[in-house]
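Read through the structure below, which is laid out as structure tokens, and then see the notes.
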Amino acid sequence: MSADRSPLNELGFYTLPGAPKSPRDLVQEVADAESLGLGSCFISERFNIKEAVTLSGAVGAVSTTLGIATAATNHNTRHPLVTASYATTMHRLTGGRFTLGIGRGIGPLYRAYGLPMVTTAQMEDFAGVMRRLFRGEVIIGHDGPIGKYPVLALDPSFDENIPLGLTAFGPRTLELAGRAFDCVVLHTFFTDETTRRCVRVVKRAAEEAGRDPDSVRVWSCFATIGDHIAEDVRLKKTVGRLATYLQGYGDLMVETNRWDPEVLRRFRDDEFIKGFRGALDNTATNAELEHVATLIPAEWLAPAASGSPEQCVAAIRGQFDLGVDGVILHGASPRDLAPIVEEYRRTRPVGAFARSSANPGL
């Protein structure tokens, strides 16, 4: 093992991967992550026991070095002042380790729950309002894509540098990330060509907006499921996870990766898939996931780190070769990631990523 124990600020993880039994699991995950030296903790949100504000406060309270980011919450599920107050609270609670990350959300869920669909203009307007509030401005008579507000204000003494993040798929959202946000989180199971293209779009948009392209940090969200993990768990975290994405927004996944839409049609037409209720990675049995595996081409599952720790590390390093600034080791807890992270550290070039901050948006 290398004697270098400097923080691995170019690597992150998602707390509570998949469908956890208890949100309290994050307490041990955070301890394990800091022991390994991982840089950032990302927090996803589901409408169950994974509410992002509560989780990020918990991570902030039990950590001392980890950067923390929501990736993502949605701007339209809380009043802008509530979200801005949350961000400034997290910022001061953690000594500047927090990034407020938002996303577009899942269309079918929004329609089912009666939530309005999120637009690119709304997310850009929201980012502008947040930055003004963080600077202590009093906003009078805001009338923009996020709505009409007679007064928006936090504290006139504020002058906070709180980074903003965006999860992104399509070119318009990627361009928005480049011109108006501080970091962007790409999606899991992006092909190499897709990842390289997304990086180009973000950096070019930043440059066209008069920003330093290097100031916008691009994170790859890279499924990292080593062979030391039990086979049934690997099946859930690979086949089950991708199948769940195909359930929710398969058209977008296929279009973004330029995959064959006929394969998605056959997936959806399968009698088991048509009759299944809920997320496949949450409630499907091992036998059911084995059937689902027959519906998904191997090349769709290939963009991932798998195999031995050495093979996983080689795949992770390959993501940096595509131009990303950080890699989120997705789908596994820090404890499950330990042999991979230690191998990564052992072979990490001295001084690499010395300029990277633990805060994923800086």
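The values are calculated or read from the model by the stated rules, or taken from the named source; none is laboratory data. Here the structure is a predicted model, which is why all the values come from computation and not from measurement. Positions of Cβ are backbone-derived with ideal geometry, glycine not excepted, and every protein chain shown enters the neighbour counts.
Brief remarks on what is shown
- Qualifying residue in segment 290-308 (condition: touching a residue at least 60 places away in the same chain (Cβ under 8 Å), among the acidic types (Asp, Glu) and in contact with a helix residue (DSSP H, G or I) (Cβ under 9 Å, 6 or more places away or on another chain)): no
- Search result, residues across segment 175-186 that are of a type outside the set (Asp, Glu) and touching a strand residue (DSSP E or B) at 6+ places or on another chain (Cβ under 6 Å): ALA177, PHE181, CYS183, VAL184, VAL185, LEU186
- Only strands (runs of 3 or more DSSP E) whose full extent lies in segment 160-246 are considered here, and the ones with at least 1 residues that are basic (Lys, Arg) are 217-226.
- Any hit, segment 327-341, residues being in the same structural domain as VAL218 (by TED's automatic domain parsing) and either touching a Lys or Arg at 6+ places or on another chain (Cβ under 6 Å) or of a type in the set (Asp, Glu) (or both): yes
- GLU343 being among the charged types (D, E, K, R) and surrounded by fewer than 18 Cβ atoms within 10 Å (Cβ to Cβ): no
- Hey, THR65 within 25 Å of GLY147 (Cα to Cα) and touching a residue at least 24 places away in the same chain (Cβ under 8 Å) or not: no
- Identity of the residue in segment 102-154, closer than 19 Å to SER85 by Cα and among the aromatic types (Phe, Trp, Tyr), that ends up farthest from the chain's Cα centre (by Cα): TYR149
- Only a single criterion out of (1) of a type in the set (A, V, I, L, M); (2) in the same structural domain as GLN319 (by TED's automatic domain parsing); (3) more than 20 Å from PHE42 (Cβ to Cβ) is not satisfied by VAL216, namely (3).
Results for (1) of a type in the set (Lys, Arg); (2) within 15 Å of the chain's Cα centre (by Cα), shown as yes or no for each residue.
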position: ARG5; (1), (2): yes, no
position: ASN9; (1), (2): no, no
position: PHE13; (1), (2): no, yes
position: ASP32; (1), (2): no, no
position: GLU45; (1), (2): no, yes
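- From the list ARG258, ARG234, ARG172, the lone residue that is at positive phi and more than 16 Å from the chain's Cα centre (by Cα) is ARG258.
- If the condition is being modelled with pLDDT of 95 or more, surrounded by fewer than 17 Cβ atoms within 10 Å (Cβ to Cβ) and within 19 Å of HIS75 (Cβ to Cβ), then segment 151-174 contributes VAL151, ALA153, ARG172.
- Out of LEU164, LEU176, sole residue that is under 30 Å from SER333 (Cβ atoms) and out of contact with any Pro (no Cβ under 6 Å at 6 or more places or on another chain): LEU164
- If the condition is being touching a residue at least 24 places away in the same chain (Cβ under 8 Å) and touching a Gly at 6+ places or on another chain (Cβ under 8 Å), then segment 256-274 contributes THR256, PHE267.
- Within segment 296-308, considering residues that are in contact with a Phe, Trp or Tyr (Cβ under 8 Å, 6 or more places away or on another chain) and part of a helix (DSSP H, G or I), the one nearest to LEU8 (Cα to Cα): LEU301
- Checking ALA72 against (1) of a type in the set (A, V, I, L, M); (2) touching a Leu at 6+ places or on another chain (Cβ under 7 Å); (3) buried (at least 22 other Cβ atoms within 10 Å of the Cβ); (4) in contact (Cβ under 8 Å) with a residue 60 or more places away in the chain, the condition it does not meet: (2)
- Whenever a residue of segment 92-103 is surrounded by fewer than 24 Cβ atoms within 10 Å (Cβ to Cβ), its partners that are outside any loop (DSSP other than H, G, I, E, B), lying with C-beta atoms within less than 8 angstrom and at least six residues away or across chains, give the pairs LEU93/GLY57; LEU93/GLY60; LEU93/ALA61; THR94/GLY60; THR94/ILE68; GLY103/THR73; GLY103/LEU166; GLY103/THR167.
- Candidates PHE267, PHE320, filtered to the one that is surrounded by 15 or more Cβ atoms within 10 Å (Cβ to Cβ), in contact with a Ser or Thr (Cβ under 9 Å, 6 or more places away or on another chain), assigned to a helix (DSSP H, G or I) and not acidic (Asp, Glu): PHE320
- Residue count for segment 294-334 satisfying the condition of being of a type in the set (Phe, Trp, Tyr) and over 17 Å from ARG345 (Cα atoms): 1.
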